[in-house]
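Right, one structure below, let's go through it.
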Amino acid sequence: MQSPPEDVAPRGMIWGLQRRLLVLLLITVGLIVSVSVFFHYQSAGTAALQQDQRLLRLVPLLADSVVVRSPDSEEHVNLDEPLQRAADLLNSPGLTLLLAPAVAEFLSEQHGFAAFAVFNDLGSPLLGERWLPTVLPSTRNAEFLSVVEAGVTYRVVAQRVRTEAGDLIVMLADGSDARQQWFSNVLLRVLLPNLILFAVAAAVISLGVARALQPLMELKQAVENRSPRDLNPIDAAGVPAEVRPLVVSLNRLFFLVNAQTEAQRRFVADAAHQLRTPLAGLQAQVEAWAQAARSMDGGDLLSLRAGQVLRLRDATRRTSQLANQLLALSRADAISADVQPMQRVDLMALCENMLALYLDAAASKRIDLGLETRPAQTLGHAWLLREMLLNLVDNAIKYTPQGGRVTLRCGVDNGPTGVQAWMEVEDDGPGIPPDERLRVLQRFYRVPGTTGEGNGLGLAIADEIARAHDTHLQLDAGAMGLGLRVRVAFEAVTH
């Protein structure tokens, strides 16, 4: 029998949905981050361009702020407090600095991140910060460069200008370049919030998807826990609307399969019932003829007729047994498909009744039919268990040779799953080879070379009934390796 497929599709489907949602979230967050970074970069570039234009406008004003001071002049420059230290450093003999309001406002706003310097046309520093590099523009056009001082990147503009003190090179530096804080701004304002958003959204989506798919998992569990013969419709009340068409289709399929199975079961049962009544009447008449033929005295013709009647009797017995076995098989299938309550069954009484039923058949073959029983009870269907034991005993007596031994046993033992009640039938007949013990449980199969009459249904029916009781037949060799011992164990009822 082909093994059922592994249970990987449902779980793979659930994880696939979660992965898809997380990937879509990641792509969405990535697009948002990319767009945000692009706009931040554009904004930083625009701010840098505005900064360059501001420096370019302030350079001529800074050049106009440099004036020549006469030697006897005591005039001094009044600067705002933030620029006092710069004024002390920027004064040079013969030159003074009268800052234009726009330049003073720029230096005040960018206090600590702004600087300027004045050089002569040869590059000698006259006024301003000493750390600014010497730049000698070859033309009168402004030149831009970047300078790093104390960890701060300054945007510097240098221009050669003509003043009343002659040609001078003036430089103005701004350390508030938007582009140098661009990465940290993007990290704090864009990347970090979006990463936190992604982590929170991933957790929420994972929980949400798991909760949203819980009805689907419950549906999967309900189908998985079903008996293979349970074709009742699935309750679609708590099923999500997206899955409801699938459940409706499954229920329609279950209905069709159940109808077909029920029709086949009714056919087998009806056929068995239809065969049973006429075959019973035929068997009764043939039995009477056989009895009459035995009591007659006569010549060879009478003996021939008697032999024919006996063969006819045997044929009707086999046909009647086949009908009974088909009926038992149909009932076992019905019990397997329908959930019916089980009742307490006394296995000891069952074995004793079976012994009384087969004493005559065993005596006719001089078979020693024995009984070794201890009190044992289980939950099951009494008439099915009787049918199972009947098939096992009938097989044992049928295949055990003249003068053999058949023993019925029952009892209670401690098994791997707890206390077990068991029954077994042991004979010293031809037995079954180990490699054939699984195949003889198939319907209509007989071991090649088997002598005697039979339909290949006895052990199949017994195994079907055992499976209807959540157990199975155990086939082993009999005592001293001879014959066959068939054992079936049930969950015991001890109270």
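Counted by neighbouring Cβ atoms within 10 Å, the residues Arg485, Arg54, Arg19 run from fewest to most as Arg19, Arg54, Arg485. Using 0.36 nm per residue and subtracting the Cα-Cα separation, the extra length available between Gln110 and Leu24 on full extension is 26.5 nm.
For Phe255, put the label point 7 Å out on the Cα→Cβ axis and report which residues of the stretch 211-235 keep their amide N under 18 Å from it. The answer is 230-235. Between the amide H of Gly478 and those of Gly483, Leu484, Arg485, distances stay under 5 Å, these residues lying 5 or more places away or on another chain, with hydrogens modeled in the peptide plane. For Leu371, the residues whose modelled amide H falls within less than 5 Å of its own, excluding neighbours fewer than 5 places apart on the same chain, are Leu408. Set the Förster distance to 41 Å, then compute FRET efficiency between Ala212 and Ser36 from the Cβ-Cβ distance, nearest 0.05. Efficiency computed from Cβ-Cβ geometry: 0.85. Sorting Cys410, Cys351 by the number of Cβ atoms found within 10 Å of their own Cβ, with the fewest placed first, yields Cys351, Cys410. Using the Cβ-Cβ distance between Leu197 and Asp52 with R0 set to 35 Å, the FRET efficiency from 1/(1 + (r/R0)^6) comes to roughly 0.50.
A short reminder: the numbers here are calculations on the coordinates, not readings from a lab. Quantities reported herein were computed from a predicted structural model and do not represent experimental measurements. Counting neighbours? That spans all protein chains shown, and the Cβs are built from the backbone with ideal geometry, glycine included.
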